Every structure is written in structure tokens, then in C-alpha cells.
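Presented below is the structure to which this report refers.
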Amino acid sequence: MSIIVIPPSKLGTSSPYVNQHASNSEEEIALATLSVLESSYPASVDSGAEPRQESKTDLRPLPAHLSERSRRPSTLIRKDSDFSITKDAFLLEDVNTNICNVSGALPSRPSFDIQNSDASHSRATSTTAKLLSPQQKRKSLIQFIALCWCVWLIGWNDGSTGPLLPRIQEYYHVGFTVVSMIFIGNCFGYVIGAALNVWLNDRIGFGKVMVFGAFCQLCAYVIMAIAPPFPIMICAYFILGFGLSLQNAQANGFVGSLQENMSTKLGTMHAAYGLGAFTSPFAATYFSGLNSRRWAFHFIISVGLALSNLVLIVCVFRFKQQDDVLAEAGQEAIYDSNATQGGSKYRQILGLRAVHLLAVFAIIYVGIEVTLGGWIVTFIIHERDGGHSAGYISSGFFAGGIAVAGSAALPFITGLLASKYGMGSLQPLVISMMGVMVVVWGLVPKGTRRID
């Protein structure tokens, strides 16, 4: 609907007031608006007053019996609300109707189109995003739980390696350097998966990439469960890293695109990772004490968990694009006009300075985490004369000493801090935590050095 405001100066000079103020379009519209209000709320005339000839442009006070809401509606309705915009538009239409009913002979004027107004569209979108039906809220919750389960399984995998590492060395009769190849294979899988994630997402979409990553994870666990020769074991870790990388990137990208409670949900999802890394060493430590190749039976449990993850991803996301999945939860897609400009996406990503800085930070942080979580059990066994129960120390590392305070609660707390104070507030928190780690590590008592 388009509304054209007709200046009173184009309609003749029948009213002396209009003649006097023909150059001021805002006053003309205000006077015409008053005539509409007068027609809607006619004032009562005193019986003692003499009747006189009234003009449409006469200023008269509103009746006293009207409520405060009717007398001053602008103070009760937010200026930038959708209702205010729509009300003003229809008010302008009534003004034009009351001024004159003329067509064809007037010069063209810029039109105000409500449907094409960017401001109205953005406000309507934000209003719609908050009015979710119970079914949409339920779907959003199910999608988030599915992603948390997926990330929980990633933590389960990372927490399993440390307790099993001494047993793998013993079973395959390899040293520290050779057994470290499983970390190299896993790292290469992660790097290649991260590099191909953007390309795969553009080609097959969010749902299919998640299913593909979960299927790779399942295949890797099936290979590990039979305790194959060591080179095949390294290949299995490569496939595992590739699948986990796809799921990790897609899950973080999906939750990061949410419009409501994004920081809190990201913290909760990473808390699920910490919970998985906390629970897996209990099972891995038990199987690491079994004789022969039965230590690999730990991966049979991982096969069952990976199969449940695959089924859940298929049932919840159903191979759909991310925008379609978000639409089911009541969130409209947000298109970036700059996404299709400037050449390749890889060129745009690598051209961001923040990407390189965060990559360096991730290399240091994840490297420290995997190194401590993977080798701390071997260190305790060889340097502190720890026994089979040393595998439980890995749970303590990922738990932070108290329940899941380290890897579960801290990401949630940091998400809350980032949501309230911004990402810049996390810098002193991260530096202080690293400082505490160095101090605690320095306080560990030294044992008698053993010469091998």
C-alpha cells in the first residue's frame, strides 16, 4: 500500500490559514491531522455559547472526558515500534482522504511504501523471532541437545587416549616417538577436515556434512575395536580426526548463528565437551588393565555411542540445510551481502587478521590441552611410579579437580562473561588460569630420577 501526501497548497486557497502557511508542509500535515481527530472525537458545545461558523482548520482542544491514552498516545507507544509506524501510515492515508479526493492532475511525489521499508521489515523480523510457538521452542531445544551430544562424544574421544596410551605402547611394542604418530594422524585429519569444511558445506549443506562426519567417526571406532596393526591404527585416527573436525566446526557454526542466548548456549555446549572428557577416562582406565587385545574393547563402547550420535543427527537434522533447520525453530535466515563479494570464501577467511591470531591461540591452547590430557598418565606411571589407577588422573585434569569445574563449568562461566562484558573481558581470565596452571605444575613434588 502506497500513501501519497498531498500538500494543501495544491488544493486552492479557500482557507486563509492554509494560504498563510502554504510553504510549511509539516504544519499543513499537522493541521490536517487535527481535523481527523476532530471528526473522530467531536467536542461538546456549551449551551450558553453563541454558535458560529466553524472551519476545518480551527484549533480546538480535545474533550476532557478522553483518557490519557487517547489524549497522549505517543507517550504510551514506543516511537520506533511496528504499531506506531503502521498507525502513522494509516493516519496519513486518512489525512489525504479528508483533504481532497483528487487523482491524475497532481504532480508526482515520492511515495512511502510500508511493505518495502527496511526499518519496518527489520523490526517485524525481530518481533517475529521472539514470538515462537511451543513446537518451535521444542524443536530448537532438540536441535541443541543433539549438538551437545555430538560435542560430548568429541570430549569422550579426547579423554580416552591418555589412559590407553601406555597400553598401546605395550601391545604394539613401540616407543614414545612411534606411538606419538597417532596424534599426528589425528591432527592431520582435523586439519584436512577444517580445510574442507567450507567447501563441503557449500556443496552438500549442514545436515549432510554432520552425517558424513558422524559416519567417519563410526567407521574409525569400528577399525580400532579390532586392534589392527599399528599403521592401520594411525589411519583410523586420521579418519576419526577428519570426522570429529567436521562435526565440531558445524556444531559451533550452527550455535554461533543463533539469535537468542548464543553465548550461553556455546558455553553450555563446550561444557558438554568437558563432561565427555571427564567421564571417558573411567571406562578407558578399566579396559587398559585387561590382558591381550581386550584393551581395544573400549572402542566397542565408543562404537555404540557413535552409532547413537549418527542416528540422532539423521533424525533431528534430516540432511537439511542450516537455514532450513533454523527456520523450523522459528529463526529466519540472515543473508550477508558481502558473503558473495570479494572472490573465494577461503580468500576472505584467510584475509582476516583475527583468524590468524585465533589460529595461533588455538594451536597453543589445544596443544597444551591434548599434551597434558594425553601424556599425563604416562608421565605419572614412569616418573611418579604410578600404577594402573593413574588413568583416573586424566579425569581430574579435564574435570578441573572438582566435578566438572575445569572443562565444563568454566566454558559456561566464560560464555556468561562474554555475553555481559564482551570478549575482551576473557583475556585476563585466560591469562590468570594459565598462570595458575604453571604454579600448580611447579608445586608437584619430584620423585627419584630413574635411569632406563
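Below, the figures for the structure above:
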{"item": "Condition check for Leu218: farther than 25 Å from Ile393 by Cα, among the hydrophobic types (A, V, I, L, M, F, W, C) and open to solvent by less than 10 Å² (accessible area, probe 1.4 Å)", "result": "no"}
{"item": "Qualifying position, being farther than 30 Å from Phe176 by Cα and open to solvent by less than 40 Å² (accessible area, probe 1.4 Å), among Gly207, Gly243", "result": "Gly207"}
{"item": "Residue in region 177-187 that is touching a residue at least 24 places away in the same chain (Cβ under 8 Å), polar (S, T, N, Q) and on the phi < 0 side of the Ramachandran plot present", "result": "yes"}
{"item": "Those residues of region 146-189 which are aromatic (Phe, Trp, Tyr) and surrounded by 21 or more Cβ atoms within 10 Å (Cβ to Cβ), in sequence order", "result": "Trp152, Trp156"}
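The values are calculated or read from the model by the stated rules, or taken from the named source; none is laboratory data. Quick caveat: nothing in here was measured; it's all calculated off a predicted structure. Every residue, glycine as well, gets a Cβ built from its backbone with ideal geometry; the counts of neighbours run over all protein chains shown. To get the accessible areas, we keep the full protein, side chains included, count just its heavy atoms, and leave off ligands, DNA and RNA. Shrake-Rupley method; radii C 1.70, N 1.55, O 1.52, S 1.80 Å.
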